[in-house]
Amino acid sequence: MPDTTRESDRILREAKTSLAVQRDGGTHRPGPRSIGKGSAELKMKSLLKRVRNIAMAVVAIWIGAGIFSAVVGPLLFWGLMATLLATVVAVGVLGIFPKVKVPKRAELTLGNPAQMVARAELWLEAQRPALPPPAQGIVDQLGVQLDALGLQLRTIDAAHPAMGEVRELVGEYIPETIDNYRKIPAHLRKEEHAGKTADERLSDSLSKLSGEVDRVTRRLAEGALDDLAIKSRYLEYRYGGAEALEDMRETAPDTGVPLPDFSPDFAAAPKSKQER
C-alpha cells in the first residue's frame, strides 16, 4: 500500500494556507483605494448601478417563475432549483459588471471640470501600484489637491486662461511623467543615471507638479479670498461701531484714496456743504 503521509501533510499545509488567506480577506482583493472624492463618487455610482441591476434581475426571475407556475403548473423541485440557480448566476455576474473603466490618456481632459478631475484621479489610482512608495505618497497628495482644484474650476468660465493650464497639467504633464517612468524596465529603475535613479527623478517631478497644482488652486482662490476680506471689513464697519471703523482706517492699506467720512457730523451736514 503506498505511503500517503507526505500527501496528507501537503493537503494539511494547503488547507492552513487557504484558511490564512481567507482570514486576510480571501483571494479577491479590493481594488485600488480612492485617492480623491471624484474617483470615489464614480466608484459609488458604479456600485449603485450594479445593485440596481441585481435587484431588477432577481425580481424579474421570480416574477417569471411565478407566472410560469400560474400558467403551466407548479415548479416542483427542479423548477425551484432552476430559479435559485438563475438567481445565483444573476447576482454573480451583475455583481461584477459593469466595472469602473479606467480612462485613457486622451480622455483625461474631456468633459466639465468635475469629470476631468474624476478621470484624472481614476487614472492615477490605476498607475499607483506600479510606482515606488515615495511616488505613491505624492499621488495620494495629488488626489486631495485635484479635489480642491476641481472646486475652484467650477466657479470660472471655460475660456479662462487657467483652464488651459489645468488641462495641460492633468492631461499632459502628469500622465506623461508617469508613462515615461513605466517605460523603464523594473530592474533599471533603481540604477543611478546622470546623478539620480529613475525612482528619485519620478518623485522629484511629481513633487514639482504637485506644487504647480497647488499654485494654480491658490491663484484661482485669490479672488474669493479678496471678496471675503472686503465683506468682512464691511461687516466690521456695519455692525462693529465707531471703534471698528477706526481700526479699519488704521489697518487699511495706503492706496492713495481716502476712506469716506462716516462720522455723525459729516452725515448731518447739508448736502450742498458736503458737495463743496
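The values are calculated or read from the model by the stated rules, or taken from the named source; none is laboratory data. These numbers were taken from a predicted model, which means no experiment stands behind them. When we count neighbours, we look across all protein chains shown, and the Cβ atoms used for this are built from the backbone with ideal geometry, even at glycine. SASA here: full protein model, heavy atoms, side chains in, ligands and nucleic acids out. Shrake-Rupley method; radii C 1.70, N 1.55, O 1.52, S 1.80 Å.
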ask   = Residue check: is E168 open to solvent by 10 Å² or more (accessible area, probe 1.4 Å) and within 18 Å of G211 (Cβ to Cβ)?
value = yes
key: Index of the failed condition, L228 passing every other in (1) surrounded by 12 or more Cβ atoms within 10 Å (Cβ to Cβ); (2) outside any loop (DSSP other than H, G, I, E, B)   = (1)
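This table checks each residue for (1) part of a helix (DSSP H, G or I); (2) under 19 Å from L108 (Cα atoms).
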position: T177; (1), (2): yes, yes
position: E191; (1), (2): no, no
position: D199; (1), (2): yes, no
position: L202; (1), (2): yes, no
message = Testing A65 on (1) open to solvent by less than 70 Å² (accessible area, probe 1.4 Å); (2) closer than 30 Å to G164 by Cβ; (3) in contact (Cβ under 8 Å) with a residue 12 or more places away in the chain, one condition comes back false. Which one is that?
response = (2)
remark   = When restricted to P129, P133, the only residue touching a residue at least 60 places away in the same chain (Cβ under 8 Å) and out of contact with any Asp or Glu (no Cβ under 6 Å at 6 or more places or on another chain) is P129
ask   = Got a sec? Which of L151, L146 is without any contact (Cβ under 8 Å) to a residue 40 or more places away in the chain, in a helix (DSSP H, G or I) and surrounded by 15 or more Cβ atoms within 10 Å (Cβ to Cβ)?
value = L151
task = Name every residue in the stretch 124-146 that is of a type in the set (A, V, I, L, M, F, W, C), over 17 Å from D204 (Cα atoms) and under 10 Å from the mean Cα position of the chain (by Cα), in order of residue number.
result = V144, L146
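For (1) open to solvent by less than 90 Å² (accessible area, probe 1.4 Å); (2) over 41 Å from the mean Cα position of the chain (by Cα); (3) more than 30 Å from D140 (Cα to Cα); (4) at pLDDT below 85, each residue gets a yes or a no:
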position	(1), (2), (3), (4)
E191	no, no, no, no
R201	no, no, no, no
G211	yes, no, no, no
L245	yes, yes, yes, yes
A252	yes, no, yes, yes
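Report whether or not G111 is open to solvent by 30 Å² or more (accessible area, probe 1.4 Å), outside any helix (DSSP H, G or I) and not polar (S, T, N, Q).
Considered against the rule, which asks whether it is open to solvent by 30 Å² or more (accessible area, probe 1.4 Å), outside any helix (DSSP H, G or I) and not polar (S, T, N, Q), G111 comes out as yes.
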